[in-house]
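Notes for the one structure printed next.
The values are calculated or read from the model by the stated rules, or taken from the named source; none is laboratory data. None of the values given here were measured: they were computed from a predicted structure. Every residue, glycine as well, gets a Cβ built from its backbone with ideal geometry; the counts of neighbours run over all protein chains shown.
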Amino acid sequence: MTETTTTTRGRTPLQTLGDYLYHDNVFVRFVTLWLVLIALFTSTWYVAYYLLPEGLLRSSNTARLLPEYAGSVWAEFLVIFAINLSMVAVVAAVNTFRSLRTPAGYVVVAVVWIQGAITWGTNSLAIEAGRLAPSLTVVLGRSGIFELTAYVAVAVATRELMLWHQRGTPRWREEFERVRSPRDWQLSRNEWLVLLAGIALLALANYREAVMVSRVVG
């Protein structure tokens, strides 16, 4: 008991947070990463809304690469879902790289969350709707936050797909070393559950988005 307490007290807050972010329990990883990202999203959203120029990311918004409205809710849903599934595949694929304890998929998902917050705050959406003021109503009224949550689920569920590992620092100098083979991949039952739940949430969010698009341009 004394040894455990001493070890815990000797760790910095960031190290303790890392213990939860990279916990063996996938549910602990999911909740921790989601809480970190929602805090980052909210703070970035406020900064973007009040300080950044309007339309800052409009030219780089990947939604503008979508084809014209597909003609029906279901057709539009299939297009949106296919594009988001490709993003899910990217998150899982980059998780084959890990720097120290950090799966690369975590970094990709964090970047997507930050981009989403700036997009909302600066009116950089594909369909212009003005700056979206930070509020719970906006969060619950749009599909974006649910898509982002699905990405978190995929990132934490596929953590064990690591093939290349960067063992030391500084990170910009250390090379990645091949430490595993795809034959070593094995997701636990809970990881499969979180992965499938994330994909299901993504599908629901994309269908909702397709409905919203059809009401605007259909």
Is one or more of the residues making up segment 16-29 under 21 Å from MET162 (Cβ atoms), surrounded by 14 or more Cβ atoms within 10 Å (Cβ to Cβ), at pLDDT 95 or above and among the hydroxyl-bearing types (Ser, Thr, Tyr)? yes
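Return the only residue of ALA133, ALA110, ALA155 being of a type in the set (A, V, I, L, M, F, W, C), surrounded by fewer than 16 Cβ atoms within 10 Å (Cβ to Cβ), under 30 Å from LEU52 (Cα atoms) and in contact (Cβ under 8 Å) with a residue 60 or more places away in the chain. Please lay out each step first, then the result.
Values: ALA110 fails: surrounded by fewer than 16 Cβ atoms within 10 Å (Cβ to Cβ); ALA155 fails: surrounded by fewer than 16 Cβ atoms within 10 Å (Cβ to Cβ).
After ruling out the rest, the residue left standing is ALA133.
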If you go through segment 140-195 one residue at a time, how many are hydrophobic (A, V, I, L, M, F, W, C) and over 30 Å from VAL211 (Cα atoms)? 9
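Tally time: how many residues in segment 111-161 are part of a helix (DSSP H, G or I) and of a type outside the set (Asp, Glu)? Walk me through it before giving the result.
Start the filter on segment 111-161 by keeping residues that are part of a helix (DSSP H, G or I), which leaves 111-121, 136-141, 144-157, 159-161.
Remaining after also requiring of a type outside the set (Asp, Glu): 111-121, 136-141, 144-146, 148-157, 159, 161.
Within segment 111-161, residues that are part of a helix (DSSP H, G or I) and of a type outside the set (Asp, Glu) number 32.
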Give me a count of the residues in segment 160-181 that are closer than 30 Å to ILE80 by Cβ and either surrounded by fewer than 10 Cβ atoms within 10 Å (Cβ to Cβ) or not aliphatic (A, V, I, L, M) (or both). 1
Residue in segment 94-107 that is surrounded by the most Cβ atoms within 10 Å (Cβ to Cβ), counting only those that are without any contact (Cβ under 8 Å) to a residue 24 or more places away in the chain and out of contact with any strand residue (DSSP E or B) (no Cβ under 7 Å at 6 or more places or on another chain): VAL94
Run down ASN190, ASN123 and say which single residue is more than 18 Å from TYR46 (Cβ to Cβ) and under 22 Å from the mean Cα position of the chain (by Cα). ASN190
Which residue pairs have Cβ atoms closer than 7 Å, lie 6 or more positions apart in sequence or on different chains, and pair a first residue in segment 160-172 that is touching a residue at least 24 places away in the same chain (Cβ under 8 Å) and charged (D, E, K, R) with a second residue that is surrounded by 15 or more Cβ atoms within 10 Å (Cβ to Cβ) and in a loop (DSSP other than H, G, I, E, B)? GLU160/LEU187
Scan segment 175-193 residue by residue and report those that are free of Cβ contacts under 8 Å to residues at least 60 places away in the same chain and part of a loop (DSSP other than H, G, I, E, B). GLU175, VAL179, ARG180, SER181, TRP185, GLN186, LEU187
